[in-house]
Amino acid sequence: MNSTTLTQNCTSEDQLERIRRGQELRFRWRDDWPVLEQAILKAGREAIARNAETATAASEK
């Protein structure tokens, strides 16, 4: 699982939460789930910020 691939087009916290929940259903049994969850949340929040910057830059043109 690559958290960057999962979240690269993430544009909102709601969407990120749906991704996190879906992955939790698949991987919560693993010992390293807390680490995976944090990686998903970090990558998702970075994607949200990146997409917000892109939208802002596009609207300023």
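In the range 1-15, the residue that is surrounded by the fewest Cβ atoms within 10 Å (Cβ to Cβ) out of those that are part of a helix (DSSP H, G or I) and either modelled with pLDDT of 90 or more or touching a Phe, Trp or Tyr at 6+ places or on another chain (Cβ under 8 Å) (or both) is Asp14. Residues in the range 16-45 that are without any contact (Cβ under 8 Å) to a residue 12 or more places away in the chain and acidic (Asp, Glu) were compared, and the one that is most open to solvent (accessible area, probe 1.4 Å) is Asp31.
Within the range 3-14, the set of residues being under 15 Å from Asn51 (Cβ atoms) and in contact (Cβ under 8 Å) with a residue 24 or more places away in the chain comprises Thr4, Leu6, Thr7, Gln8, Asn9, Cys10, Thr11, Ser12, Glu13.
Do the conditions hold for Arg50, that is, is it in a loop (DSSP other than H, G, I, E, B), of a type in the set (Lys, Arg), more than 8 Å from the chain's Cα centre (by Cα) and exposed (fewer than 15 other Cβ atoms within 10 Å of the Cβ)? So Arg50 does not fit the description; no.
The values are calculated or read from the model by the stated rules, or taken from the named source; none is laboratory data. Computed from a predicted model, the values in this text were never measured in an experiment. No Cβ is skipped: glycine too gets one built from the backbone with ideal geometry, and neighbour counts run over all protein chains shown. For accessibility, only protein heavy atoms count, side chains too; no ligands or nucleic acids. Shrake-Rupley method; radii C 1.70, N 1.55, O 1.52, S 1.80 Å.
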